[in-house]
Amino acid sequence: ATDAASTAVAFGFTEAGLDEIVSFTVPANRRSIAVMERLGMMYDGEFEHPNLPPDDPLRGHVLYRLSRP
């Protein structure tokens, strides 16, 4: 997963010309969070997914960001 995500990040910065890449997941998804951290992404808070009902256990998300080097 880390290799694929690294390739996607490189494409985003070099080919697509993005200045920033963001990623999010539910806090319980520790494996995805570990991939984001291995890529150098930084934690940038939490938010609630607007399309899920308030009582949905998957409503809460963590947000990570990575700026162009």
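The values are calculated or read from the model by the stated rules, or taken from the named source; none is laboratory data. As the structure is a computational prediction, the values presented were derived from the model and not from experiment. Because the Cβ atoms are built from the backbone with ideal geometry, glycine has one as well, and the counts that use them run over all protein chains shown. Only protein heavy atoms, including side chains, enter the accessible area calculation; ligands, DNA and RNA are left aside. Shrake-Rupley method; radii C 1.70, N 1.55, O 1.52, S 1.80 Å.
Values as computed for the structure displayed
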{"item": "The lone exception for G40 - which of (1) open to solvent by 40 Å² or more (accessible area, probe 1.4 Å); (2) part of a loop (DSSP other than H, G, I, E, B) it fails", "result": "(1)"}
{"item": "Matching entry among L52, L58 (being over 12 Å from the mean Cα position of the chain (by Cα) and open to solvent by 70 Å² or more (accessible area, probe 1.4 Å))", "result": "L58"}
{"item": "When residues of the stretch 6-35 are limited to those that are part of a loop (DSSP other than H, G, I, E, B) and either modelled with pLDDT under 95 or aliphatic (A, V, I, L, M) (or both), the one least open to solvent (accessible area, probe 1.4 Å)", "result": "V26"}
{"item": "Residue within the stretch 43-53 that is part of a strand (DSSP E or B), touching a strand residue (DSSP E or B) at 6+ places or on another chain (Cβ under 7 Å) and among the small types (G, A, S) present", "result": "yes"}
